[in-house]
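Worksheet: the structure to be examined is printed underneath.
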Amino acid sequence: MQVVVTKSYDESCAYVAKMFCDLVREKPDCKLGLATGGTPVPMYKKLIEACAKGEVDFSRVHTVNLDEYCGIPETHPQSYRYFMNTNLFDHINIDKANTYVAQGMGDAAANAAALEAKVREGGVADLQLLGIGNNGHIAFNEAGDTLTAEAHIEQLTESTINANARFFDSRDEVPTTAITMGMADILAAKKVVLIANGPAKADAIRGLIADGSITTHNPSTLLKLHPDVVVVIDEELAKAAGWQG
């Protein structure tokens, strides 16, 4: 595992954006695993800027997203399809037919099976982007006694619901279940990059980078089983997590 410590969150986003741009230039038809939430938004803006300048061409790229809420349509402002369109896809030259976000409506089990198939369709992701939850959850794989390997329906914890409530008009509107890639799906990617910032992530990041221990109570620690993981954090978070370098 490589830990990259930058001077600022903006620098972290620039570092990760360069990783994506370099890959797309090297392999124009690559497959990208993408994430939602507040963390990647500034990085996506940098990809938009690079595309607008003609520095990168997404026209042949395929993407698969980690997860989607159950029970809200893709037109809902808090659906992850809506998020991806408004924060990235609408602003770059990607063919939306080559982008995949799981369906939140309809038969949830069938939608999870469809996501599982997409993870490996045409090959696994060349680069998988991750954020991390305050409790170490990756995608919607929540901390607990067990984790699930394949794409599945996850019951969201109170901490995750509370963390996501800021995106909704009220906490009661936050979905309580989601479809998510499983841990084996995430670990199948050829390369993984995780970006994090903010002191609330310090405990989770400490568990990820401090030593070799693995626990389902911090799902991010399973990334230690992957041969090519880059963790990008800024100096503030590195200090809060006790990272010595």
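Given a Förster distance of 22 Å, report the FRET efficiency between residue 121 and residue 149 from their Cβ-Cβ distance, rounded to the nearest 0.05.
0.80
Given a cut-off of 24 Å, name the pairs among 53/190; 31/239; 27/118 whose C-alpha atoms lie farther apart than that in the structure shown.
53/190; 31/239
Please report, in whole Å, how far the alpha carbons of the range 31-178 spread along each principal axis, starting with the longest.
Result, largest extent first: 45, 33, 28 Å.
Taking amide H positions as placed in the peptide plane 1.01 Å from N, state which residues far from residue 194 in sequence (5 or more) or on other chains have amide H under 5 Å from it.
For residue 194, whose amide H was placed from the backbone, the distant partners under 5 Å are 130, 230, 231, 232.
Nearest 500 deg cm²/dmol is fine: what mean residue ellipticity at 222 nm does the chain get from its DSSP H runs of n ≥ 4 alone, each adding -39,500 (n - 2.57), divided by its residue count?
Per the formula, -9000 deg cm²/dmol.
Highest mean first, what order results for 33-43, 54-64 on Cβ atoms within 10 Å?
Per-residue mean Cβ counts within 10 Å order the peptides as 33-43, 54-64.
In the chain, what percentage of the DSSP-assigned beta bridges are antiparallel, given to the nearest 5?
30 percent
Which of the helices in the chain meet the span-like rule: DSSP H, Cα axial reach of 24 Å or more, Kyte-Doolittle mean at least -1.0?
Within the chain the helices that satisfy the rule are 9-26.
If you take every residue apart from residue 135 with its C-beta less than 9 Å away from the C-beta of residue 135, what net charge results, scoring Lys and Arg +1 and Asp and Glu -1?
-2
Could you compute the net charge surrounding residue 227? Neighbours are other residues with a C-beta less than 13 Å from the C-beta of residue 227; K and R count +1, D and E count -1.
Here the count lands on +2.
Relative to the present Cα-Cα distance, how much length would full extension add between residue 226 and residue 173 at 0.36 nm per residue of separation?
Answer, rounded to one decimal: 15.5 nm.
For a paramagnetic label modelled at 7 Å from the Cα of residue 105 toward its Cβ, which residues of the range 151-173 fall within the zone defined by backbone nitrogen distances under 16 Å?
Taking a point 7 Å out along Cα→Cβ of residue 105, no residue of the range 151-173 has its backbone N under 16 Å.
Read the figures in this text as sums done on the coordinates, not as results from a lab. Just so you know, these numbers come straight off a predicted model, no measurement behind them. With ideal geometry, Cβ positions are generated from the backbone for all residues, glycine too; neighbour counts draw on all protein chains shown.
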